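So the structure is just underneath, and the comments pick up after that.
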Amino acid sequence: MRKLAVRDLGLMPYREAWALQRELAEQRKRGEGADQLLLLEHPHVLTLGRNAHTENLLVSPERLAGLGIDLVEIDRGGDITYHGPGQIVGYPVVDLRGWKRDVVAYIRGLEDVVLRALRRFGVTGARDASATGVWVEGAKICAMGVHISRWVTTHGFALNWTTDLRFFEYIVPCGLRRPVTSMEKLGVRAERGAVLEALAAAFAEVFEYEPAGLGEPALARPPA
């Protein structure tokens, strides 16, 4: 089976993480390095995907600056979303030529990763035929948006763990006027490390890598 490097990057500014993804993706396009799953959190930031509509930002950029919320236009698909502390984001930088050259299958795979991880904590999530992501009783718990270039992936998923959901009030998340939820709001009291381990193991299962977190530490922090 293929190998996957899983890295816990802690709390990292969005622009720094995006630059790291681009650097790693260029390496993979050259056939260098290994497939990686980056797991981390961000300081407060709103990101605008390629299909973003400005009317889904409900406050002015000046107001955002006053609140300490960054605003970044990026190259993933989708509309506007929020990232912040307590939200665990996963950025797979993987070469899909080693799995399936199928964009839809990849996104369905990411949804499956989150569904499997949530089940470990007694949460039954679901897909929605009309919208990408993972939902619990009609509320979104995990948003997704990806970018694929020469079959190498960047961006990924954002799972609301202990996220302060009030920050979603500044936007129409992903262009959908529907509620959001979190593991904490659903009554799950899970340690951060346990959630990361669950995501790493599920990713390895779905995308057919060597098991992560079974017998060896799943998470390797990057060199200082």
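Could you tell me the center-to-center distance, by alpha carbons, between the stretch 86-125 and the stretch 135-195 in angstrom?
12
Any chance you could count the Lys pairs in the chain whose alpha carbons are under 20 Å apart, treating pairs 8 or more apart or on different chains as valid?
For the chain, the number of qualifying lysine pairs is 4.
Using only C-alpha atoms and all pairs of different ones, pull out the Kirkwood radius for the chain in Å with one decimal.
Final number for the Kirkwood radius of the chain is 17.5 Å.
Could you tally the net charge around residue 16, taking each other residue with its Cβ under 13 Å from the Cβ of residue 16, Lys/Arg +1 and Asp/Glu -1?
That works out to -1.
Placing +1 on the Cβ of each Lys and Arg and -1 on the Cβ of each Asp and Glu in the chain, which of 24, 125, 109 has its Cα farthest towards the positive end of the resulting dipole?
109
Stick to the Cα atoms of the stretch 35-118, pair each with every other, and give me the Kirkwood hydrodynamic radius in Å at one decimal.
14.8
Out of the trypsin sites (Lys or Arg not before Pro) in the stretch 76-106, which ones are loop residues according to DSSP with at most 13 other C-beta atoms within 10 Å?
101
If you place +1 on the Cβ of every Lys and Arg, -1 on the Cβ of every Asp and Glu, and leave all else neutral, what size is the dipole of the stretch 5-206 about its Cα centre, to the nearest 20 Debye?
440
Exposed loop GluC sites (Glu not before Pro) only (DSSP loop, at most 10 other Cβ atoms within 10 Å): please give the longest stretch of the chain free of them, not including the sites.
Here the longest segment lacking exposed loop sites spans 33-190.
Which one, 188, 168, 206, projects farthest toward the positive side of the charge dipole computed for the stretch 159-207 from Cβ point charges (K/R +1, D/E -1)?
Checked the options; the winner is 168.
Got the relative contact order for the chain handy, in percent, Cα pairs under 8 Å and 6 or more residues apart?
Averaging sequence separation for qualifying contacts and normalising by length gives 25 percent for the chain.
Rounded to the nearest 500 deg cm²/dmol, what is the calculated helix-only ellipticity per residue at 222 nm for the chain, with -39500 (n - 2.57) per DSSP H run of length n ≥ 4?
That comes out to -8000 deg cm²/dmol.
Treating the angle as unsigned and between 0 and 90°, give the value, to the nearest 10°, between the Cα long axis of helix 192-206 and the longest Cα principal axis of the chain.
With rounding to tens, the tilt is 60 degrees.
Laboratory data are not the source of any read-out in this text; all were calculated from the coordinates shown. Bear in mind the structure is a predicted one, so any value in this text is a computation, not a measurement. Here the Cβ is made from the backbone with ideal geometry for all residues, glycine too, and neighbour counts use every protein chain on show.
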